[in-house]
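Everything below concerns the one structure shown next.
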Protein chains: 2
Amino acid sequence: MATRALDELVEALRRLPGVGPKSAARMAYHLLQHDRDGAQRLSQALQAAIGAVRHCRRCNTFTEDEVCDTCRDPQRDASLLCVVETPADQAAIERTGSYRGLYFVLQGKLSPLDGVGPRDIGLSKLYQRVTDGQVREVILATNFTAEGEATAHVLGEALKARHLMVTRLARGVPAGSELEYVDLGTIAHALVDRR
Amino acid sequence: MATRALDELVEALRRLPGVGPKSAARMAYHLLQHDRDGAQRLSQALQAAIGAVRHCRRCNTFTEDEVCDTCRDPQRDASLLCVVETPADQAAIERTGSYRGLYFVLQGKLSPLDGVGPRDIGLSKLYQRVTDGQVREVILATNFTAEGEATAHVLGEALKARHLMVTRLARGVPAGSELEYVDLGTIAHALVDRR
């Protein structure tokens, strides 16, 4: 029943993260049946984003300029550099409103099993950046997953060898949670890092 | 942090069914960071589908021609017409391989609360179609939801008034299920329709 153009659209939608064959078909049917304007708008937004969005020359985050707004902001404390895995993580930290330093966005995380090594995530660019004389403290804010922890470990060793102060986001019990339902590893960390 | 083109892409992705603000941001970041080819391909597939895919003149399903392959198939039994809500429902029935008649795809279902009346789902086109002298039996295969049942009821009355044989998909216990876990309404229907 399905047409070639429809099949191709379903296949293209399946490339989106978290979209399986059923959701992709549902999305394609919905767009063609009820929301051709939305389909047109999505097509154009994709084209525009591919053309306009690139990586900041200083911190790697998404920007439409040579250097992003955050890196250009003179109000920011240039002696603090926060290393995150993705622009989404950076956005999460920005939303807290409690950090006024600069960022460096890795291109992912170290993952030897997937063949992702130090070169693939732009570590040499980071090493160059931290030795510009301005940065005094590097805050490692990679995720608390196996890969994120490994990335933080490798980075921490390399940065300490360059005589930089290296810190890591605190681990502990999340705000609003009850101890009974917190996993044991988290409680153990919270005990060790008690203050 | 986010750029205008990126914001616009996230907004456009939110128009997809089942995609909230977090998923949309995740999709946009993924496409721009890891899969610009996929973004390009999706943009082109959308454009191609908008241009090529239209509705079959006879049955309303998606096709790239004037009349779809199913309607043109001389092997099909033209005296049987199965009425479904969407091309996805038609595809589900086709996959069973147990139906050799023709289809009519409604443009949705009656839903007075959302302001969807008989005209919006193309009922007059259906009434015209069933009085072409070939159709003898109309199988109502709208969904077994409140709106689908209401649509089936309205259709059934109107078609019986036109002296057509009207049937509805059987309701009952799904294959492979245990009675203990089947909802009571379904068991009640299965009792009434026992054979």
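Brief remarks follow.
- Some residue of the stretch A:185-193 being open to solvent by 90 Å² or more (accessible area, probe 1.4 Å) and touching a strand residue (DSSP E or B) at 6+ places or on another chain (Cβ under 6 Å): no
- Helices (runs of 4 or more DSSP H) wholly inside the stretch A:1-119 containing at least 2 residues that are farther than 23 Å from B:Thr61 by Cβ and at the interface with chain B (Cβ under 9 Å from one of its Cβ atoms): A:36-52, A:69-72, A:87-96
- Check on A:Gly117, within 17 Å of A:Leu106 (Cβ to Cβ), in contact (Cβ under 8 Å) with a residue 12 or more places away in the chain and not hydrophobic (A, V, I, L, M, F, W, C): no
- Every condition in (1) touching an Asp or Glu at 6+ places or on another chain (Cβ under 9 Å); (2) modelled with pLDDT under 85 is met by A:Ala170 except one, and the failing one is (2).
- Residue pairs meeting the criteria (Cβ under 6 Å; at least 6 apart or on separate chains; first hydrophobic (A, V, I, L, M, F, W, C), in the stretch A:15-32; second part of a loop (DSSP other than H, G, I, E, B) and surrounded by 20 or more Cβ atoms within 10 Å (Cβ to Cβ)): A:Met27/B:Leu16; A:Leu32/B:Val53
- Only a single item in (1) closer than 21 Å to B:Ala141 by Cβ; (2) aliphatic (A, V, I, L, M); (3) open to solvent by 60 Å² or more (accessible area, probe 1.4 Å) is not met by B:Leu113, and it is number (1).
- The requirement of being under 23 Å from B:Asp120 (Cα atoms), surrounded by fewer than 22 Cβ atoms within 10 Å (Cβ to Cβ) and of a type in the set (D, E, K, R) is satisfied by B:Arg54.
- Across the stretch B:172-185, not a single residue is classified as of a type in the set (S, T, N, Q), closer than 23 Å to B:Ile93 by Cα and outside any loop (DSSP other than H, G, I, E, B).
The values are calculated or read from the model by the stated rules, or taken from the named source; none is laboratory data. In this text the structure is predicted, and so the values were computed from the model without any measurement. Reconstructed Cβ throughout: ideal geometry from the backbone, glycine too, with neighbour counts over all protein chains shown. Surface accessibility is based on the protein's heavy atoms, side chains included, excluding ligands, DNA and RNA. Shrake-Rupley method; radii C 1.70, N 1.55, O 1.52, S 1.80 Å.
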